[in-house]
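These notes concern the structure reproduced below.
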Amino acid sequence: MSLDFKIILLVLIFSIILSLIIGLASYVLSDKSPDKEKVSVYECGFDPFHSPGKPFSIRFFLIAILFLVFDLEISYLFPWSCSSNIIELKGQLIIIIFLIILALGLIYEWVKGGLEWE
């Protein structure tokens with residue numbers, strides 16, 4: 001067996017053992033008597049026991065859409081951070097402009113109160 005496969009096997013065995021230790025420790029050390037609030041039904045910040053026709057705040061959906069937009073935009077930054085040393089100056093400037101637009105959008109939502117949860 002080559003050295004590369006031995007290293008991969010060693011890392012795999014180590015990660016499995018570490019996962020088992022952490023899982024077992026969290027099971028043994030966890031609180032076994034939860035209170036009423038912990039075991040109550042919770043879904044999206046709404047009380048789940050209301051009539052189906054009762055209107056609810058659209059605020060949750062606005063915050064969810066904002067999260068998705070910013071999350072997807074941030075995901076574009078990972079490839080750039082991994083290969084920023086081989087991107088030319090023009091590409092770096094485009095990324096900087098993208099970051100400025102992203103920051104301005106976040107500041108706009110913050111000022112307008114789009115991130116407030118009531």
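The values are calculated or read from the model by the stated rules, or taken from the named source; none is laboratory data. This one's a predicted model, so the numbers in the text were calculated from it and none came from an experiment. Here Cβ is always computed from backbone atoms with ideal geometry, including for glycine, and neighbour counts include all displayed protein chains.
Here is a list of conditions, (1) modelled with pLDDT of 80 or more; (2) surrounded by 10 or more Cβ atoms within 10 Å (Cβ to Cβ); (3) more than 23 Å from the chain's Cα centre (by Cα), and Glu88 meets all of them except one; can you say which number that is?
(2)
State the number of residues belonging to region 55-85 that are assigned to a helix (DSSP H, G or I), free of Cβ contacts under 8 Å to residues at least 40 places away in the same chain and not charged (D, E, K, R). Reasoning before the result, please.
The first filter runs over region 55-85 and keeps only residues assigned to a helix (DSSP H, G or I), leaving 59-75, 77-82.
Still in the list and also free of Cβ contacts under 8 Å to residues at least 40 places away in the same chain: 60-61, 64-65, 67-75, 77-82.
With not charged (D, E, K, R) added as a condition, the list becomes 60-61, 64-65, 67-70, 72, 74-75, 77-82.
Final tally of qualifying residues: 17.
Output the residues belonging to region 20-43 that are loosely packed, with under 10 Cβ neighbours inside 10 Å and farther than 30 Å from Phe61 by Cα.
Selection gives Ser26, Tyr27, Val28, Leu29, Ser30, Asp31, Lys32, Ser33.
Find all pairs meeting these conditions: Cβ atoms under 9 angstrom apart; at least six residues apart or on different chains; first residue within region 1-19 and surrounded by fewer than 10 Cβ atoms within 10 Å (Cβ to Cβ); second residue part of a helix (DSSP H, G or I) and of a type in the set (A, V, I, L, M, F, W, C).
Between residues of region 1-19 that are surrounded by fewer than 10 Cβ atoms within 10 Å (Cβ to Cβ) and residues that are part of a helix (DSSP H, G or I) and of a type in the set (A, V, I, L, M, F, W, C), the close pairs are Met1/Leu9.
Give me the residue from region 105-118 that is part of a helix (DSSP H, G or I) and under 21 Å from the mean Cα position of the chain (by Cα) and, out of that set, modelled with the highest pLDDT. Quick ask: steps written out before the conclusion?
Taking region 105-118 first, the residues part of a helix (DSSP H, G or I) are 105-112.
Applying the additional criterion that residues be under 21 Å from the mean Cα position of the chain (by Cα) yields 105-107, 109-110.
Numbers: Gly105: 84, Leu106: 83, Ile107: 88, Glu109: 83, Trp110: 84.
Checked region 105-118; the qualifying residue modelled with the highest pLDDT is Ile107.
Could you tell me which of the residues Asp71, Asp4 is charged (D, E, K, R), under 21 Å from Leu115 (Cβ atoms) and modelled with pLDDT of 80 or more? Steps first, please.
Working: Asp4 fails: under 21 Å from Leu115 (Cβ atoms).
So the residue among Asp71, Asp4 that is charged (D, E, K, R), under 21 Å from Leu115 (Cβ atoms) and modelled with pLDDT of 80 or more is Asp71.
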